[in-house]
Amino acid sequence: MNGSTGEGSHDFARARRIVKTDEFSSVFRLRPAQKSAHFVLYTRPNQLPNARLGVVVAKKLAPRAVTRNTIKRVSRELFRNSALPPIDCLVRLAKPVNSKAGPATTAKLKAELRVELTRLFASQTRARPAR
């Protein structure tokens, strides 16, 4: 299975990721494109044939690694399944999702994350072509 080309909508090859610090910074400098209950989405048009994704989940807002990894996994899955124009997307967790007292991740939490992230990505598929 060779996913290094970055082509196709169901892979998450390096070409579809924002990996460098300066790339993150250049998107963060812009105003947030969209906000939801827990997330902020920053976007910037890019000159590539595909959209790219970066996910930022602070330890302070999601103290457990299991929770942070779940958020990243769900973000990548929904990003891969959305038909986005060539933009750089940065998803940042802005509010705590759970505490150390409760379970690290639940089906309810995953469902809530999916709804919020789906709405954020959908806002970009509708909003961009009109510009």
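The values are calculated or read from the model by the stated rules, or taken from the named source; none is laboratory data. None of these values were measured; they are calculated from a predicted model. Neighbour counts are summed over all protein chains in view; Cβ atoms, including those assigned to glycine, are modelled from backbone coordinates with ideal geometry.
Cβ-Cβ contacts under 8 Å between residues 6 or more apart (or on different chains), taken from a first residue in the range 120-131 that is under 17 Å from His38 (Cβ atoms) to a second residue that is at pLDDT below 85 and not acidic (Asp, Glu), are listed as Ser123/Ala33.
Scanning the range 28-49 for residues that are in contact with a Lys or Arg (Cβ under 6 Å, 6 or more places away or on another chain) and modelled with pLDDT under 80 yields one hit, Leu30.
For residues in the range 1-27 being acidic (Asp, Glu) and modelled with pLDDT under 75, which is nearest to Asn98 (Cα to Cα)? Steps first, answer last, please.
First, the residues of the range 1-27 that are acidic (Asp, Glu): 7, 11, 22-23.
Then keep just the ones that are modelled with pLDDT under 75; that gives 7, 11.
Values: Glu7: 36, Asp11: 29 Å.
By that ranking, first place goes to Asp11.
For the range 14-131, which helices (runs of 4 or more DSSP H) that fit wholly inside it have 3 or more residues that are of a type in the set (Lys, Arg)?
Values: elements: 21-28, 65-80, 107-127.
Per the criteria, 65-80, 107-127.
Checked against (1) of a type in the set (Ser, Thr, Tyr); (2) at pLDDT 90 or above; (3) over 14 Å from the mean Cα position of the chain (by Cα), Thr70 passes all but condition (3).
State which residue is modelled with the lowest pLDDT when the search covers only the range 81-109 and only residues that are within 14 Å of the chain's Cα centre (by Cα) and surrounded by fewer than 15 Cβ atoms within 10 Å (Cβ to Cβ).
Going residue by residue through the range 81-109, those that are within 14 Å of the chain's Cα centre (by Cα) are 81-84, 87-94.
Right, trim to surrounded by fewer than 15 Cβ atoms within 10 Å (Cβ to Cβ) and you get 81, 83.
Values: Asn81: 88, Ala83: 85.
The residue in question is Ala83.
Filtered by the rule that a residue be within 30 Å of Pro103 (Cβ to Cβ) and surrounded by fewer than 17 Cβ atoms within 10 Å (Cβ to Cβ), the range 35-55 gives Lys35, Ala37.
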